[in-house]
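What follows is a short report on a single structure.
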Amino acid sequence: MLPFHIAYHGLWLILGLLSIVVELHAEGQFCLDQLNPLYDGVKLVKECGMVNANSVQNAKRLFSTSNSASAPMVLSFYCTSHTEKCEKVKDSFNKAFELITNVITLRHPLTVNASFISFCKELTIGCNEFGVVGAANPARMLPHQGLDGKVRMYPQALLKQKGLRIHPEYNKDDIIALFNSDINFWFEDDEKPINSTQNDFLFAVIHEMMHGFGVNTDWMDHFNSPASILTPMPLFNQTEDGLIFSGFFESAFDQYLIEFPSLEPLSSHTQALNQATKPGTFYLNEEDFLAALTNSTVYKLVERMKRLAVTRDSIVFLAKHKQKQKDEHIFLETSLKPFIPGSLITHFDYQTYTNTSDFLMRFTQMYGESLLHDIRLGGDYLTGPIGPKLTSLLETLGYEINLNPRPYTDFLRIY
């Protein structure tokens, strides 16, 4: 099995950066930019002024010039491999875009900034690391108030689709992706069938694009390595004397997470944590905050979340299926021990969804199995890799779903 993500990404936000977040938040809007998707917990905090999308005189338009193409998804591509392989990689991205937009109707086009480079030669990850395929994340996360009145961090790709007249300034890219050219990838146009040492590149791209569309949680350990506690993302304002806590923030994805079988929303835990730690409270430093959290009446929730995150069938995504007019439970990956950031909660349960039409979002990809093989093994679902539960999840997040998709065989080479 090959992990899609590095086992540990350094998933915490630097306090110095967090202080900027809150200061900007007090004045207007802030955003979190992803510089390297391999380290999805380390983000650059930027001021994102409000933009009036209807104002022709405003220079900060909804789209950058790179999004002027009519295609719903546009590729901004960098590749350091030989020309033939770079073309295969590029073709795979475009194929992935076709399969994705066959399911999701994008009213506003998206730009994917993707690189295909040698992690061994061009990054500091080390040549002897276990097989790291790559990663993708939203290029920018922005605060947005949902229908329940709570502010959460939304992926830019999703927020764009809402067509907001006034919105925070958008990044020129919507999704940022990085893939490892050192991996022995198999491509759809290869003359030989996939072998037992290869991974299907198209499979990896579609999987990672889903993370870029917002299949990501902010429930993780933002303070310790290895992980020992689990909370939503904490924000602070750093002053000359210490830290002012601004609150815990969830991602858009987190709004729909519930405990199972109690069906208790995880958002209620976030609310309880914020009530106990009291945004606006002064702390001398990070250790002072953690001590206060540890001694608070709600620390049991932090401990409970850590247990749930490594207990199978304990956390589900509550999908709102509009066509069936009913809710459905999507069991998330909580069976790995110890807690593995980047793999737990953000993926579908491996055991439940193996050999089903919702195989795509498991945390591992098997060597020697092509995307087409897994589609057929899962029942030959109409839209191929994007199964019914993943489709419901995307619809629940707020994406518009194509009610009349074409069969996946219109896009994939059948053999």
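The values are calculated or read from the model by the stated rules, or taken from the named source; none is laboratory data. Treat the numbers as computed from the prediction; the structure is a model and nothing was measured. Because the Cβ atoms are built from the backbone with ideal geometry, glycine has one as well, and the counts that use them run over all protein chains shown.
Hey, Glu87 hits all of (1) of a type outside the set (Gly, Ala, Ser); (2) part of a helix (DSSP H, G or I); (3) at pLDDT 80 or above; (4) farther than 23 Å from Asn180 by Cβ but one; which does it fall short on?
Result: Glu87 fails condition (4) only.
Tally time: how many residues in segment 245-288 are aliphatic (A, V, I, L, M), closer than 20 Å to Thr396 by Cβ and surrounded by fewer than 14 Cβ atoms within 10 Å (Cβ to Cβ)?
At the first step, the residues of segment 245-288 found to be aliphatic (A, V, I, L, M) are 252, 257-258, 263, 266, 272-273, 276, 284.
From the residues that got through so far, the ones that are closer than 20 Å to Thr396 by Cβ too are 252, 257-258, 263, 266.
If we keep only those that are surrounded by fewer than 14 Cβ atoms within 10 Å (Cβ to Cβ) as well, we get 263.
Of the residues in that region, 1 qualify.
Output yes when any residue across segment 161-172 is touching a residue at least 40 places away in the same chain (Cβ under 8 Å) and closer than 18 Å to His207 by Cβ, and no when none is.
Taking segment 161-172 as the starting set, the residues that turn out to be touching a residue at least 40 places away in the same chain (Cβ under 8 Å) are 161-172.
In the following step, the residues that additionally are closer than 18 Å to His207 by Cβ were identified as none.
No, every residue in segment 161-172 fails to be touching a residue at least 40 places away in the same chain (Cβ under 8 Å) and closer than 18 Å to His207 by Cβ.
Answer with yes or no whether Ile340 is farther than 15 Å from Met220 by Cα and either of a type in the set (Phe, Trp, Tyr) or under 17 Å from the mean Cα position of the chain (by Cα) (or both).
Working: farther than 15 Å from Met220 by Cα: no; either of a type in the set (Phe, Trp, Tyr) or under 17 Å from the mean Cα position of the chain (by Cα) (or both): yes.
Taking the combined requirement at face value, the residue does not satisfy it.
Kindly establish whether Ser370 is touching a residue at least 40 places away in the same chain (Cβ under 8 Å) and of a type in the set (S, T, N, Q).
Values: touching a residue at least 40 places away in the same chain (Cβ under 8 Å): yes; of a type in the set (S, T, N, Q): yes.
Against the criterion (touching a residue at least 40 places away in the same chain (Cβ under 8 Å) and of a type in the set (S, T, N, Q)), Ser370 qualifies.
With the requirement that a residue be loosely packed, with under 14 Cβ neighbours inside 10 Å and of a type outside the set (A, V, I, L, M, F, W, C), what does segment 289-302 give you?
Answer for segment 289-302, where residues must be loosely packed, with under 14 Cβ neighbours inside 10 Å and of a type outside the set (A, V, I, L, M, F, W, C): Thr294, Asn295, Thr297, Lys300.
Can you list the strands (runs of 3 or more DSSP E) lying wholly within segment 144-256 that have 2 or more residues being more than 25 Å from His108 (Cα to Cα) and under 22 Å from the mean Cα position of the chain (by Cα)? It would help to see each step written out before you state the result.
Values: elements: 151-155, 166-168, 175-180, 233-238, 243-249.
Fully inside segment 144-256 and qualifying: 175-180, 233-238, 243-249.
Residue check, Gly379 against (1) over 17 Å from the mean Cα position of the chain (by Cα); (2) in contact (Cβ under 8 Å) with a residue 60 or more places away in the chain, all met but one. Which one?
Looking at each condition in turn, Gly379 falls short on (2).
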